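To start, the structure itself, in structure tokens.
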Amino acid sequence: DVKVTQSSRYLVKRTGEKVFLECVQDMDHENMFWYRQDPGLGLRLIYFSYDVKMKEKGDIPEGYSVSREKKERFSLILESASTNQTSMYLCASSLVVGGLAGGFSYEQYFGPGTRLTVT
Amino acid sequence: AQTVTQSQPEMSVQEAETVTLSCTYDTSESDYYLFWYKQPPSRQMILVIRQEAYKQQNATENRFSVNFQKAAKSFSLKISDSQLGDAAMYFCAYRPYYNNDMRFGAGTRLTVKP
């Protein structure tokens with residue numbers, strides 16, 4: 001079974017703090033994703049990585065950055081946390097089928113989520 | 001940009017009954033995947049069922065089946081013989097065949113009454 005883990009289930013940070021959210025997957029997946037989940041809005045993609053050190057912006061990258069130094073680990077960084085970044089953050093990974101970077105893939109496997117509160 | 005619409009924020013069903021969750025999407029692509037994901041309370045999101053757009057046959061996984069209407073851009077999920085463990089948020093998702101741009105609907109919260 002694919003396992004995607006996230007470093008914290010709940011996190012409380014103060015405005016202006018630098019926040020690191022960690023995600024690790026154990027199935028050698030090429031693709032990894034960070035989403036933000038808000039009520040009534042579903043999941044929105046923040047950043048996507050299809051290989052080590054490779055990243056692409058999603059729909060809402062402002063205020064966030066990412067790091068992928070190892071294939072199994074994908075970090076989301078809030079450079080200076082703000083109250084409007086209070087949300088549930090979900091990490092996901094997927095296999096690439098077809099051998100193309102960023103190419104074909106099937107379903108995404110999700111981590112348990114980190115509920116971040118910024119006060 | 002592709003969009004996914006789930007028009008039912010909340011649904012409820014009696015245990016052992018059948019319920020249908022609606023999803024519509026907007027795309028100009030001809031090749032794509034559609035997914036239903038389940039997110040139980042405080043638990044990880046898991047895939048329920050997947051449909052490839054080029055397949056005319058509706059996907060089925062045990063008690064879960066879909067009604068895929070490509071021309072109408074509709075992708076509903078039917079849950080038969082509902083169980084208490086089916087209570088969850090259900091997300092409809094769309095992904096073009098050639099990239100990883102997954103789009104999610106806002107979700108439908110399903111309650112199962114004993």
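The values are calculated or read from the model by the stated rules, or taken from the named source; none is laboratory data. Just so you know, these numbers come straight off a predicted model, no measurement behind them. Every residue, glycine among them, receives a Cβ derived from its backbone with ideal geometry; neighbour counts consider all protein chains shown. To get the accessible areas, we keep the full protein, side chains included, count just its heavy atoms, and leave off ligands, DNA and RNA. Shrake-Rupley method; radii C 1.70, N 1.55, O 1.52, S 1.80 Å.
Answer yes if at least one residue in the stretch A:89-106 is within 24 Å of B:R109 (Cβ to Cβ), of a type outside the set (A, V, I, L, M, F, W, C), open to solvent by 50 Å² or more (accessible area, probe 1.4 Å) and part of a strand (DSSP E or B), and no otherwise. Checking the stretch A:89-106: not a single residue is within 24 Å of B:R109 (Cβ to Cβ), of a type outside the set (A, V, I, L, M, F, W, C), open to solvent by 50 Å² or more (accessible area, probe 1.4 Å) and part of a strand (DSSP E or B). If I ask for residues that are charged (D, E, K, R), surrounded by 21 or more Cβ atoms within 10 Å (Cβ to Cβ) and either assigned to a strand (DSSP E or B) or free of Cβ contacts under 8 Å to residues at least 12 places away in the same chain (or both), which ones from the stretch A:18-63 would you list? Residue satisfying the conditions is A:R36 alone. Every condition in (1) farther than 24 Å from B:E52 by Cα; (2) touching a residue at least 40 places away in the same chain (Cβ under 8 Å) is met by A:F110 except one, and the failing one is (1).
For the stretch B:1-17, filtered to residues that are under 16 Å from the mean Cα position of the chain (by Cα) and open to solvent by 60 Å² or more (accessible area, probe 1.4 Å), the residue that is farthest from the other protein chains (Cβ to nearest Cβ) is B:S12.
The one condition from (1) within 14 Å of chain A (Cβ to nearest Cβ); (2) open to solvent by less than 70 Å² (accessible area, probe 1.4 Å) that B:T111 does not meet is (1). A:E22 meets each of the listed conditions (1) farther than 13 Å from A:Y89 by Cα; (2) within 15 Å of the chain's Cα centre (by Cα); (3) of a type outside the set (S, T, Y) apart from (1). Quick one: in the stretch B:68-79, which of the residues that are in a strand (DSSP E or B) and small (G, A, S) is nearest to the chain's Cα centre (by Cα)? Residue satisfying both the conditions and the ranking: B:S76.
Within the stretch A:64-86, the set of residues being open to solvent by less than 50 Å² (accessible area, probe 1.4 Å) and either over 16 Å from A:V24 (Cβ atoms) or not hydroxyl-bearing (S, T, Y) (or both) comprises A:Y64, A:S65, A:V66, A:R68, A:F74, A:L76, A:I77, A:L78, A:A81, A:S82, A:Q85. Using the structure shown, decide if A:Q25 is at pLDDT 95 or above and facing another protein chain (nearest Cβ under 10 Å). Considered against the rule, which asks whether it is at pLDDT 95 or above and facing another protein chain (nearest Cβ under 10 Å), A:Q25 comes out as no. Here A:F74 meets the list (1) more than 20 Å from A:S7 (Cβ to Cβ); (2) touching a residue at least 24 places away in the same chain (Cβ under 8 Å) almost entirely, failing just condition (1).
Residues in the stretch B:18-40 that are more than 10 Å from chain A (Cβ to nearest Cβ), in contact with a strand residue (DSSP E or B) (Cβ under 9 Å, 6 or more places away or on another chain) and not β-branched (V, I, T): B:L21, B:S22, B:C23, B:Y25, B:D26, B:E29, B:D31, B:Y32, B:L34, B:W36, B:K38, B:P40. On the stretch given as the stretch B:86-108, residues that are in contact (Cβ under 8 Å) with a residue 12 or more places away in the chain and either away from chain A (no Cβ under 14 Å) or farther than 19 Å from A:D38 by Cα (or both) total 6. Of the residues B:S82, B:S28, the single one that is part of a loop (DSSP other than H, G, I, E, B), buried (at least 18 other Cβ atoms within 10 Å of the Cβ) and of a type in the set (G, A, S) is B:S82. Pairing residues of the stretch B:19-37 that are within 11 Å of B:K70 (Cα to Cα) with residues that are surrounded by fewer than 13 Cβ atoms within 10 Å (Cβ to Cβ) and of a type outside the set (F, W, Y), at Cβ distances under 6 Å and at least 6 apart in sequence or on separate chains, gives B:D26/B:T3. Can you find, within the stretch B:41-57, the residue that is least open to solvent (accessible area, probe 1.4 Å) among those that are within 11 Å of chain A (Cβ to nearest Cβ) and part of a loop (DSSP other than H, G, I, E, B)? Restricting to residues being within 11 Å of chain A (Cβ to nearest Cβ) and part of a loop (DSSP other than H, G, I, E, B), the top hit is B:M45.
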